[in-house]
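Below you'll find the structure, written out as C-alpha cells, and then a few comments.
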Amino acid sequence: MSKRNASKYDENLKRGIKLLKEFLSKNYIKYIYGFIAIIFADLCTMLTPILSGRIVDAIVNTTNGLDNLTTRRLLLLCSIFIGIALIKMLANFLTRLFVIGASFVLDFATRSAMFNKLLELTMNYYNKKSTGEVMALSTNDLNAVTRAMGMGIMHIINTIILLLFSATYLIINLNVTLTLAVFIPFPILIIIISQFGKFIHKRFKKVQESFADLTGKTEESIAGIRVVKSFVQEEYEIANFEKFNEKNYQANVALAKIRAIFHPTLSLLSNITYFILLIFGGLIAMDGQISLGEFIVVNGFLGMLVRPITFVGMIINFLQRGKVSVSRISELLYQQTDIYDGKYNKPIKEDKLPDKLRGDIVFNNLSFVYGEKKIKALDNISINLKHGYTLGVIGEVGSGKTTLVNLLTRVFDYEENQGQITIDGYDIRDLPLHYLRDNIGYVPQDNFLFSDTISYNVNFSLKQRSKDEIADAVKKSNVYEDVMEFPDKFDTLLGEKGVNLSGGQKQRLCIARALIQNKPIMIFDDCLSAVDVETEKEILANLRDEREGRTCIVIAHRISTIKDSDLIIVLGDGKIIESGTHDELISLNGEYNKMHRLQLMDELEGGAAS
Amino acid sequence: MTGMNKGFRAGSSAGRSISLDEKQKIGKDSLKNLLKHAIPYWPWFLLALLLVTMITVTELIRPYLLGLAIDDISKAISNPETVSDYKDHIMSLGIIFISVAFLQFVISYFNTIILNVTSAKIIKALRSKVFAHVMSLPFRYFDKTPVGSVVTRICNDTNSINEMYVNVLVNFFRDIFMMIGVIITMFLLDVKMTLVVLSVVPLMAFAAILFRKKARKIHTSIRARLSAINIFLSEHISGMKIVQLFNMQKVKQSEFDKINLQYMNENKSRIKLWGIFRPFMEVVSAIALALIMWVGGKDVLTSTISIGVVYMFINYSRKFFHPIMSLTEMYNTTQASLVSSERIEVLLNTLPEKKPVSAKSLYDSKGKIEFKNVWFAYDDENWILKDVSFTVSPGEKVAIVGTTGAGKTTIISLILGFYRHQKGDILIDGISINDIDLQELRKEIGTVRQDVFLFKGDIETNIKLYNDIPIEQVIKAAKTVNASKFINQLEDTYKEEVNHRGTTFSEGQRQLLSFARALVNNPKILLLDEATSSVDTKTELLIQEGMLQMMEGRTSITIAHRLSTIVHSDEILFIHKGRIKEQGTHKELLKKKGYYYDLYTIQYS
C-alpha cells in the first residue's frame, strides 16, 4: 500500500466507523438488551459447575458424616440444573435475537443505502469499477461487516464476561495460586491464536487469490470456447488450466499444513491447563486446601472457558476483515456524485417551467475532454436544431457521436467555458435533472433490457400504461409479431431465466420503450444496427410519423438510417467535418460522399451496377 | 470460503430459452457419486480413519483419568493417612494424561495433513477431469449453458465437494466413532448409569429431526434470496444508465428494498431457529446432567459407585450429545456438497463431440467443400437449412449473402463440425464430414468470427494462440493482413499486453488481429463471418485489403456484408430462409433481377 492509499484507507475507515456509530446510536438499545442477556447466560453457564461442586461436596461430606444429604434435597438440587438451563436457553435466544438480529438490520440498511448511492452515481464511477468489484461490496464486504457486528461482537463480549466472572469467582471463593496457575496458559493461548491467525490469514489470502486466478482463467476459456475449438486449442487450454489448478492446489496444501498444526496446538494447550489442575489442584485438594467440589468447579470452569478462548482467533479475524470491509463500503457510501441539481446554479423551479419542453436544441461551441488521458471527444460543436426537426449524426467509431447525446442527457457534464447546450433557451444545467430527462426519450446503443416481463420493459416508467398502449408501441417498432410468438406474449420473462432475445429483437423493444414515453425530444443511438435492411426500412417508415412534432437525434453507421434527416452532421475526431441534408452532402463530394460510396460500392467496383 | 459470486454475465449467444433448474433432485446415487472420486485414494482415507479411531480413544481416556484422580482425591480426604500414596498415584495419572495429550497432538496433526492434502488432490484431479470434459463438449452445450454456470461447475462446485471430504466426511466418522466409543465405555463402567444417559436420547433425536426439516427450508430460501439480490445488483449496475435516463431511481430502490427485506426476514427466521435449537439441546443435556447427578449421587451415598465414575458419566454424556448436534448441523454442508456433486455428475455425463469410428485422414488437404442436400435444425423440426447443395472447388472464393436469420452462419458452423446436419451430406475433399476427425478438420480451417475474442496475454499469443509457431511467421501473417502497421506502433509491438477481453484495442484492430490469427496456421480453407459493426474508413480499407490478401490461393467462404467482398467473389450464394435461392457471379445475379437484385437495390442504391 502506498502512503496515499494508506491515508485514504484510514480516512474511509474513520468515516465507516462514524457510520457504524450512527447505526449504534440508533440501535444501541438492542445491543444493551443483548449484553444483559449475555450476562444472564454467562451467569447460568457458571452456575452449572458451581452447583455440581456443591452437590459433590455435599455427597462427600455426607459419606464422611459431616453433612446429611437426603434424597429429597439431592433431587431438589439436581432439578435446579434444569431450571438454570431453561433460563440460559431464554437468555441465549434473546442474545442472538438482539445482537445478531441487529447486525442483520445493519446489513439491510447498508445494502439499501449502497444501492441508493449506486442509483445516484454516474458513469464516471461505473467506468472505473467493474461490476464484479461493486458486487463484491454487497456480498463479501457487507457479509464481513455483518458478521463482525453480530457474531463477532457477541462472542467477544461473551468471552470477556466469562473470563472476568470466573476469575473473580475463583479468586474470591477459592485458592488464588491455583486460579493463577490454571489461568496462565490462557494469555499464551490468546497470543498463539492471534499469531497463528495472521499466518493462516496470509495463506488463506493466497488460496483465495489462486482461486480467483483459476476462476478467471476458466471463465476466459469458456467464454472463448468458440475460438478454442475452431483453432483446436483444447489440449493447450487444458495444459494451461492445469497450471492454475496446480497453483491453487499448492496454496491449499500450504494452508492445510499450518492449519494442521493450529488446532492440535489449541487442544494441547487446553490439555496442559487440565494437567496443571490435575497435578497442582489434585495435590492441594488432598492436603485439604480446597474441597473436592471446588476441584470440580475449577475443572468445570476450564471446560467452559476453553471453547470461547479458541474462538478468539476466529473472532479477531472476523473483526479485522470487518474493518477492511467497513472502509471499502464507506468509500462507496461517501462517493461524491458528479452530476446533481444545483451543481452550477440553483435549478429553475419546476412550477416556473412548462409542462413539456418544445425541443429547440442549441449546441453552442461545445467542447468536451474525457477522463485522465485528456482525450478530446468533442471540439467546438455548434448545432442549431429547431423544434420538430431531425438531426442525423454519422461518423467513425470514437468520433464523438455518443458523447454528444451523453452531454445532452447529462450522463456527463461539460466543463465551464467549454460551450453550452440550451433547450428552448434554458441552459440544460439550469434545468432540474429529472425534468430534463423527463423530456428526452432515449434508445441506447447497447439495447439494455431488464430481466422482467416484456410489458414491464416496454412500460418502464412510474406510469402504468394500458395493454393497448404497450401493444401499439411494440407494433410501431416492428417487434409485435415476435412478441406474439412467445408463449407468454407480453408477460414473457426476458433474460437468463426467461427468453433470450436476438440483438435485433432487443433493439426494437428498446425503441418501443422510448416511443411509449411520448417525449418531445428523442434520441436514437445507433439503435438499428442489428436489424436487417428491410426491417430497418419498415421501422424508419413507422418512425417518420412518430417524429412529427418532435425533435430527434439519430445516430447511425448506415447512411440509409439517417438519409431523410433534416440535417446531417458528419463527425470526425470530435469536430463537425460536414453538415447539410443528404443531397447537399452528396454533392459536397467530401467525407459523407466517400462513406456513401463505400457503402454502396465505389465506382470502379460498382461497375456492375450500371 | 467466501462466496466468489462474481456475477458472470452470460454471453448473449444463441437464441433459445434456458431454464436451468438449480434445485436438482438428489437421487440415491448422489452420495455414491460424491464418494467415488475418492476411490483411488482409499488407502489414505483408511489411514485417516485409523488415526481418527486413535484420536477418539485418546479423547475417551482423558475423562477417565480425571475421574480416577477425583476418586483419589475423595479417598485421600476420607483416609488422610494414605495421602502420600494417592499423591504418587495422581502424579502418575498426570504423566499419563500429558503423554496422551502429546500423542493426540501428533496424531491430529498427521490426520489433518493427510485429509487436507488427499482432499486437495482429489479436487485437483476432479477439476482437471471436469475442465477437460468441458473442452470436449459439443457446441449445443455452450449454446444452452451460460458461461457463469460452467465456471461455477468447474471452480465452485468442486470446492464445495472439498468441504465434504475435509470437514463432513471425517467429522462424520469421528462423531460416529465417538458415540460408539462412549457407549461402549459407559456400559463397561456402569450399566444403570448408561441407561440413565440414554433415556434423554429420544428427546434429542426428536428435536434434531424437527430442526433439520426447518433448517433445510430456511437455508434453501436464504440462498435463493441472496442470489436474487446478486442478480438484481449485477443487472442494475450494468443498466444504471438506463435507470437514470428514465428517471426510475425510486422505483428501482423500492424493488431492491423489497428483495433486500425478504433476505433480512429469512435471516431473522434463521436466527430464531438456531436460537432455539442449540439452547434447547443444552436444556436436554442439563436434564441428563440432573439425572446423572441424582441417580449417581444416590448411588454414591449408598457407596454403589464412586464419585469419580459419576464425574466420568457427566463428561461422557457431553461427548455423546455433542456428535448428535454436530451431525444435525452437518446436514447443511452435506446437502450443498451433494447438490454440487450431482451437478458435476450431470456435466460429466453430457456426451462429448462425436468422434468418427474410423477416421479417414485429411492428409494433404486440397480444400474442396461440398454440400449435398443438407438439412439442419437446431431443435427437432425447425429447419434452419433446407436442402442446401453447393460445391466450392479448391482455391475458389465464395460469398454468402442473405437477410439476417437466413442460415448463413449455420453453414459455416456445419463445416467446422460445430453441429451435425440431420439429412444429406457434407464432404471435405470428398470425405464425409462424419468420417473426419473434427480436430484434424479444424486444423485445416482458418476462421474469423464477427465478434473477435481476445485472450489475456500479449499480441503474439493472441495471434498464434498456444501453437508452436516462430515469431517470424506471426509477423508475416500480421503483415499479410495489414495488422502489422498498428502493431508496430504499439510500445511493445508483438509483446504488447492484451488485457482481459482486449478492451484496449479498437474494433478494427481486433478484426485485423483475428485475421492474422486465422492465417498464421496457413490453412487450406478460410471461413469468414464478416463483421457488420463499422469501423472508420481507413481501417475499413485496411481490412478489405487484408481480407483479399488472406483469401489468395485458398478456398474461402465468406458471409459477406460489404459489396467489395461480394464483387471479388468467384461465386455468390444468395440464401433466403434456409434455401439457396440464387447462385452465380455478381453480374449474373444482377442480370437475373431476382432476390439478389432486390437486396442489392435496397441496400446499395
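The values are calculated or read from the model by the stated rules, or taken from the named source; none is laboratory data. Model, not experiment: these values are computed from the prediction. Quick reminder, even Gly has a Cβ in these numbers, built from the backbone with ideal geometry, and neighbours come from all protein chains shown.
Screening B:Glu342, B:Glu370, B:Glu396, B:Glu353 for residues that are within 14 Å of another protein chain (Cβ to nearest Cβ) and among the acidic types (Asp, Glu) leaves exactly one candidate, B:Glu353.
Taking the conditions (1) in a helix (DSSP H, G or I); (2) in contact with an Asp or Glu (Cβ under 6 Å, 6 or more places away or on another chain) in turn, B:Ile305 satisfies each one other than (1).
I need the full set of residues from region A:31-50 which are out of contact with any Lys or Arg (no Cβ under 8 Å at 6 or more places or on another chain), closer than 11 Å to A:Asn158 by Cα and either surrounded by 20 or more Cβ atoms within 10 Å (Cβ to Cβ) or outside the structural domain of A:Ala91 (by TED's automatic domain parsing) (or both), in order please. Once the filter is applied, which keeps residues that are out of contact with any Lys or Arg (no Cβ under 8 Å at 6 or more places or on another chain), closer than 11 Å to A:Asn158 by Cα and either surrounded by 20 or more Cβ atoms within 10 Å (Cβ to Cβ) or outside the structural domain of A:Ala91 (by TED's automatic domain parsing) (or both), region A:31-50 yields A:Gly34, A:Ala37, A:Ile38, A:Asp42.
Taking helices (runs of 4 or more DSSP H) as the structural unit, those lying wholly within region B:423-525 and holding at least 3 residues that are in contact (Cβ under 8 Å) with a residue 60 or more places away in the chain, among the hydrophobic types (A, V, I, L, M, F, W, C) and within 25 Å of A:Glu235 (Cα to Cα) correspond to B:507-519. The set of residues from region B:390-433 being under 31 Å from the mean Cα position of the chain (by Cα) and polar (S, T, N, Q) comprises B:Thr409, B:Thr410, B:Ser413. Within the set B:Ile259, B:Ile276, the sole residue that is within 8 Å of another protein chain (Cβ to nearest Cβ) and touching a helix residue (DSSP H, G or I) at 6+ places or on another chain (Cβ under 9 Å) turns out to be B:Ile276. Once region A:97-115 is narrowed to residues that are without any contact (Cβ under 8 Å) to a residue 60 or more places away in the chain and buried (at least 23 other Cβ atoms within 10 Å of the Cβ), the residue that is farthest from the other protein chains (Cβ to nearest Cβ) is A:Ser103. Selection within region A:538-556: residues that are over 23 Å from A:Val369 (Cα atoms) and surrounded by 17 or more Cβ atoms within 10 Å (Cβ to Cβ). The member of this set that is nearest to the other protein chains (Cβ to nearest Cβ) is A:Leu540. Please specify each residue of region B:370-425 satisfying the condition of being out of contact with any helix residue (DSSP H, G or I) (no Cβ under 8 Å at 6 or more places or on another chain) and farther than 20 Å from B:Phe574 by Cβ. Once the filter is applied, which keeps residues that are out of contact with any helix residue (DSSP H, G or I) (no Cβ under 8 Å at 6 or more places or on another chain) and farther than 20 Å from B:Phe574 by Cβ, region B:370-425 yields B:Ala377, B:Asp379, B:Asp380, B:Glu381, B:Asn382, B:Pro394, B:Gly395, B:Gln422, B:Lys423. Take the residues of region B:560-574 that are closer than 28 Å to B:Asn382 by Cα and within 13 Å of chain A (Cβ to nearest Cβ): which is farthest from the chain's Cα centre (by Cα)? Here the residue is B:Ile572.
Checking each residue of region A:112-120 against the condition of being farther than 30 Å from B:Gln249 by Cα, of a type in the set (S, T, N, Q) and in a helix (DSSP H, G or I) gives no match. Among the candidates B:Lys268, B:Lys214, the residue that is facing chain A (nearest Cβ under 7 Å), modelled with pLDDT of 85 or more and in a helix (DSSP H, G or I) is uniquely B:Lys268. Candidates B:Phe418, B:Phe486: the one that is under 24 Å from B:Phe139 (Cβ atoms), out of contact with any strand residue (DSSP E or B) (no Cβ under 7 Å at 6 or more places or on another chain) and buried (at least 16 other Cβ atoms within 10 Å of the Cβ) is B:Phe418. Note on region A:158-168: among residues that are at pLDDT below 90 and β-branched (Val, Ile, Thr), the one that is surrounded by the fewest Cβ atoms within 10 Å (Cβ to Cβ) is A:Thr168. Yes or no: B:Ala132 facing chain A (nearest Cβ under 8 Å) and either crowded, with 20+ Cβ neighbours inside 10 Å or acidic (Asp, Glu) (or both)? Criteria not met by B:Ala132. Could you tell me how many of the residues in region A:299-344 are on the phi > 0 side of the Ramachandran plot and in contact (Cβ under 8 Å) with a residue 24 or more places away in the chain? Number of matching residues: 0.
One residue stands out among those in region B:411-445 that are within 14 Å of chain A (Cβ to nearest Cβ) and hydroxyl-bearing (Ser, Thr, Tyr): the one that is nearest to B:Val357 (Cα to Cα), which is B:Tyr419.
Is it the case, given these coordinates, that B:Lys360 is more than 39 Å from the chain's Cα centre (by Cα), more than 14 Å from every other protein chain (Cβ to nearest Cβ) and in a loop (DSSP other than H, G, I, E, B)? No; evaluated as a whole, the condition is false for this residue. In region A:126-144, the residue that is surrounded by the most Cβ atoms within 10 Å (Cβ to Cβ) out of those that are facing chain B (nearest Cβ under 7 Å) and modelled with pLDDT under 75 is A:Thr131. It is to be established whether one or more residues within region A:402-409 are in a strand (DSSP E or B) and either aliphatic (A, V, I, L, M) or without any contact (Cβ under 8 Å) to a residue 24 or more places away in the chain (or both). Checked against the condition, which is being in a strand (DSSP E or B) and either aliphatic (A, V, I, L, M) or without any contact (Cβ under 8 Å) to a residue 24 or more places away in the chain (or both), region A:402-409 yields no hits at all.
Look through region B:315-334, keep the residues that are surrounded by fewer than 17 Cβ atoms within 10 Å (Cβ to Cβ) and among the polar types (S, T, N, Q), and return whichever of them is nearest to B:Arg127 (Cα to Cα). Among them, the one singled out is B:Thr333.
Scanning region A:179-222 for residues that are in contact with a Lys or Arg (Cβ under 8 Å, 6 or more places away or on another chain) and among the hydrophobic types (A, V, I, L, M, F, W, C) gives A:Ile200, A:Leu214. Against the list (1) surrounded by fewer than 21 Cβ atoms within 10 Å (Cβ to Cβ); (2) without any contact (Cβ under 8 Å) to a residue 40 or more places away in the chain, the condition B:Leu289 fails is (1). Those helices (runs of 4 or more DSSP H) of region A:208-319 in which at least 2 residues are facing chain B (nearest Cβ under 7 Å) and under 19 Å from A:Ser194 (Cα atoms), considering only elements entirely within it, cover A:234-276.
Within region A:184-196, can one find any residue that is surrounded by fewer than 17 Cβ atoms within 10 Å (Cβ to Cβ), of a type in the set (S, T, N, Q) and assigned to a helix (DSSP H, G or I)? Looking for residues that are surrounded by fewer than 17 Cβ atoms within 10 Å (Cβ to Cβ), of a type in the set (S, T, N, Q) and assigned to a helix (DSSP H, G or I), one finds at least one in region A:184-196, hence yes. Of the residues examined, A:Thr63 is one that is surrounded by 14 or more Cβ atoms within 10 Å (Cβ to Cβ), over 27 Å from the mean Cα position of the chain (by Cα) and under 30 Å from B:Leu301 (Cβ atoms). Looking only at residues in region A:381-402 that are at pLDDT 85 or above and among the polar types (S, T, N, Q), the one that is nearest to A:Leu353 (Cα to Cα) is A:Asn384. Considering only residues in region B:88-129 that are facing another protein chain (nearest Cβ under 7 Å) and under 31 Å from the mean Cα position of the chain (by Cα), the one that is nearest to B:Leu68 (Cα to Cα) turns out to be B:Thr112.
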